[in-house]
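The values are calculated or read from the model by the stated rules, or taken from the named source; none is laboratory data. Worth saying up front: this structure is predicted, and the values here are computed from it rather than measured. A quick note on method: Cβ atoms are made from the backbone with ideal geometry, for glycine too, and the neighbour counts reach across all protein chains shown.
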């Protein structure tokens, strides 16, 4: 099947205002598909922007394993919560509703995100309330919960990266815990693969520990890797915009692929 770029809603997206971004879903089929699983990626950027190089690296990694990838241009500042989450839910719903015609398995949809994109991937995996803008058509009746979450140096609690929460909710600090995955996760969350660096000076690694502890305490399976060096925003192991390359942490990609093989999403 050929790739595409299309709006998540045919008309204006719920919450749209003149001059604001339009949310898109971008489909990148693997050149040689060897799995019916797919991964939906969300780039980081503190909900101010989206770091495209992260998703480019993830796409190359997954394509090499024959896995199809979807990249979501979710809305960022000045758009606030709940619309980035609405965009993420809409993307998963679209893929699941059209999985059969694309030759994909509707029960093997993973979400993958970095930094604030990791927050969004974790939020769609944990936030269960109905949100503004849902219920506009039949697609909104499709299940939005992914089957796996892949979180790269993610924002998982409100003190992990305050700027992301400010961009989502402004100064409504009393609402921050309600969109903190580490605070709201329950047994409906899918299995998780998580990695972070101990020396991340942007997103506090402690919020990753808290999320992992919460997953463990409620019995949700996860794998976590914490590296003793490397800063923030390293994607598959390097930051092209800052010319930072940390070969040591690239083993996280091997670990991820091994985890996907363990789940039966990649053929041995």
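With respect to the numbered conditions (1) assigned to a loop (DSSP other than H, G, I, E, B); (2) in contact (Cβ under 8 Å) with a residue 60 or more places away in the chain; (3) surrounded by 15 or more Cβ atoms within 10 Å (Cβ to Cβ), which one is the sole condition not fulfilled by residue 267?
For residue 267, the exception is condition (3).
Can you pull out every residue in region 77-104 that is touching a strand residue (DSSP E or B) at 6+ places or on another chain (Cβ under 8 Å) and not in a helix (DSSP H, G or I)?
104
Determine whether region 173-182 contains at least one residue that is surrounded by 24 or more Cβ atoms within 10 Å (Cβ to Cβ), modelled with pLDDT of 95 or more and on the phi > 0 side of the Ramachandran plot.
Checked against the condition, which is being surrounded by 24 or more Cβ atoms within 10 Å (Cβ to Cβ), modelled with pLDDT of 95 or more and on the phi > 0 side of the Ramachandran plot, region 173-182 yields no hits at all.
Report, by residue number, each residue of region 51-76 that is at pLDDT below 95 and assigned to a loop (DSSP other than H, G, I, E, B).
Hit for region 51-76 is 51, nothing else.
Looking at 139, 156, 168, can you tell me which residue is surrounded by 24 or more Cβ atoms within 10 Å (Cβ to Cβ), closer than 28 Å to residue 107 by Cβ and touching a residue at least 24 places away in the same chain (Cβ under 8 Å)?
Step by step, each of 139, 156, 168 is checked, and only 156 is surrounded by 24 or more Cβ atoms within 10 Å (Cβ to Cβ), closer than 28 Å to residue 107 by Cβ and touching a residue at least 24 places away in the same chain (Cβ under 8 Å).
Return the total of residues in region 2-14 being modelled with pLDDT of 95 or more and either within 17 Å of residue 83 (Cβ to Cβ) or surrounded by 22 or more Cβ atoms within 10 Å (Cβ to Cβ) (or both). Working first, answer last.
At the first step, the residues of region 2-14 found to be modelled with pLDDT of 95 or more are 3-9, 13-14.
Restricting the remaining residues to those that are either within 17 Å of residue 83 (Cβ to Cβ) or surrounded by 22 or more Cβ atoms within 10 Å (Cβ to Cβ) (or both) gives 7-9, 13-14.
Of the residues in region 2-14, 5 are modelled with pLDDT of 95 or more and either within 17 Å of residue 83 (Cβ to Cβ) or surrounded by 22 or more Cβ atoms within 10 Å (Cβ to Cβ) (or both).
Out of all the residues in region 179-204, which are within 19 Å of residue 256 (Cβ to Cβ), in contact with a helix residue (DSSP H, G or I) (Cβ under 8 Å, 6 or more places away or on another chain) and in a loop (DSSP other than H, G, I, E, B)?
If the condition is that a residue be within 19 Å of residue 256 (Cβ to Cβ), in contact with a helix residue (DSSP H, G or I) (Cβ under 8 Å, 6 or more places away or on another chain) and in a loop (DSSP other than H, G, I, E, B), then 189, 190 are the ones that fit.
Could you list all residues from region 160-178 that are under 29 Å from residue 257 (Cα atoms) and out of contact with any helix residue (DSSP H, G or I) (no Cβ under 6 Å at 6 or more places or on another chain)?
Across region 160-178, the qualifying residue is only 161.
Does residue 244 fit the bill of being at pLDDT below 95 and buried (at least 16 other Cβ atoms within 10 Å of the Cβ)?
no
Quick check on my filter: what residues within region 1-44 are outside any loop (DSSP other than H, G, I, E, B) and farther than 30 Å from residue 259 by Cβ?
Residues satisfying the conditions are 6, 7.
Using beta carbons and a limit of 8 Å, which pairs, at least six apart or on different chains, have the first residue in region 36-47 and on the phi > 0 side of the Ramachandran plot and surrounded by fewer than 24 Cβ atoms within 10 Å (Cβ to Cβ) and the second one assigned to a loop (DSSP other than H, G, I, E, B) and at pLDDT 95 or above?
Every condition considered, the pairs that remain are 45/76; 45/115.
Could you list all residues from region 205-223 that are assigned to a loop (DSSP other than H, G, I, E, B), over 15 Å from residue 183 (Cβ atoms) and under 18 Å from the mean Cα position of the chain (by Cα)?
Matches in region 205-223: 205, 221.
Residues in region 187-201 that are under 18 Å from the mean Cα position of the chain (by Cα) and surrounded by fewer than 22 Cβ atoms within 10 Å (Cβ to Cβ): how many?
Summing the residues that are under 18 Å from the mean Cα position of the chain (by Cα) and surrounded by fewer than 22 Cβ atoms within 10 Å (Cβ to Cβ) in region 187-201 gives 3.
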